[in-house]
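Enquirer: Below you'll find the structure I mean.
Laboratory data are not the source of any read-out in this text; all were calculated from the coordinates shown. Quick caveat, the model's predicted, so the values are computed rather than measured. Cβ: placed from backbone, ideal geometry, glycine included. Neighbour counts: every protein chain shown.
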Amino acid sequence: MARYRLHNLVVETVVGVHLHERTGPQAIHIDVEFTANAMAAAASDSLGDCVDYEALAERIRCELRKTDYELLESVAAFVLELVTSTPGVTEPVVRVRKPAALAFAEAVEIELP
C-alpha cells in the first residue's frame, strides 16, 4: 500500500460561531492522507488504476464551499466522509486548519483518523 498526502488544500467556506465569522467565507486549510494500492497504477501507468487525487481534491473544494458549519470539528468530519467514500481509499486522516480562528495563534487545527 502507498501513502498519499494532499497538503494545504485551501477552501473558502463559512465556518464559525461568532457573527463576524458568519458574514462571509474564510480560508480553511486541509491536509488529507490515505493509503491505497498503487501497484496496478504503477504497472499500467493509467489513471483508471489509482485513486484520482485531483478529482478528490476538487470534490472536497466544491462540496465544502456549499456548507455552512459552526464548528471546525464538523468541517473535518464532513471532509473525512468525502475521503472515506472515495473508492480505493483506506486509512484516511484529515487535518483541518482555520488560520483566522485566534488573533494570537497562527491557526487552530483538528485531526480526525
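Enquirer: Would you check which residues across the range 70-84 are among the aliphatic types (A, V, I, L, M), under 13 Å from residue 34 (Cβ atoms) and in contact with a strand residue (DSSP E or B) (Cβ under 6 Å, 6 or more places away or on another chain) and list them?
Expert: Once the filter is applied, which keeps residues that are among the aliphatic types (A, V, I, L, M), under 13 Å from residue 34 (Cβ atoms) and in contact with a strand residue (DSSP E or B) (Cβ under 6 Å, 6 or more places away or on another chain), the range 70-84 yields 79, 80, 83.
Enquirer: Applying the selection to the range 9-27, what residues are under 19 Å from residue 102 (Cβ atoms), out of contact with any Pro (no Cβ under 9 Å at 6 or more places or on another chain) and of a type outside the set (Gly, Ala, Ser)?
Expert: 10, 17, 18, 19, 20, 21, 22, 23, 25
Enquirer: Kindly provide the set of residues from the range 2-32 that are crowded, with 16+ Cβ neighbours inside 10 Å and either in contact with a helix residue (DSSP H, G or I) (Cβ under 9 Å, 6 or more places away or on another chain) or among the hydrophobic types (A, V, I, L, M, F, W, C) (or both), ordered by number.
Expert: 4, 6, 9, 11, 13, 14, 15, 16, 28, 30, 32
Enquirer: Could you please find all residues in the range 22-40 being within 20 Å of residue 95 (Cα to Cα) and among the charged types (D, E, K, R)?
Expert: 31, 33
Enquirer: Answer yes or no: is there a residue in the range 40-51 that is aliphatic (A, V, I, L, M), closer than 29 Å to residue 19 by Cα, touching a residue at least 40 places away in the same chain (Cβ under 8 Å) and surrounded by 12 or more Cβ atoms within 10 Å (Cβ to Cβ).
Expert: Initially, the range 40-51 is screened for residues aliphatic (A, V, I, L, M), giving 40-43, 47, 51.
This time we only want the ones that are closer than 29 Å to residue 19 by Cα, so: none.
The answer is no, given that none of the residues of the range 40-51 is aliphatic (A, V, I, L, M), closer than 29 Å to residue 19 by Cα, touching a residue at least 40 places away in the same chain (Cβ under 8 Å) and surrounded by 12 or more Cβ atoms within 10 Å (Cβ to Cβ).
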